[in-house]
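Below is one structure, written out as structure tokens, with a few remarks after it.
The values are calculated or read from the model by the stated rules, or taken from the named source; none is laboratory data. In this text the structure is predicted, and so the values were computed from the model without any measurement.
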Amino acid sequence: MDIALMSMSLSQGKVQQQASLSVMKMAIGNAEQQGEAVQELISSANVKTLQQAAQPPHLGGSIDLKL
């Protein structure tokens, strides 16, 4: 096998690997930012108020029991 060809192939493979790692790092950074934003929203929101807002106001106001 030609040494120059092998060297070029190895170099191209290395460049492709570096590009893949760079894209992966960017994706991880974006995911971390989104996760932090979601955590901030959850921690700042009142969960009970959100649950009540998601349900119609007439639900859960009374309970019918038969013994």
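Within the bounds of region 26-38, is there any residue that is modelled with pLDDT under 90 and of a type outside the set (D, E, K, R)? Yes: one or more hits.
Every residue, every condition in (1) within 22 Å of the chain's Cα centre (by Cα); (2) at positive phi; (3) in a helix (DSSP H, G or I); (4) aliphatic (A, V, I, L, M), yes or no:
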residue: 8; (1), (2), (3), (4): no, no, yes, yes
residue: 17; (1), (2), (3), (4): no, no, yes, no
residue: 20; (1), (2), (3), (4): yes, no, yes, no
residue: 42; (1), (2), (3), (4): yes, no, yes, yes
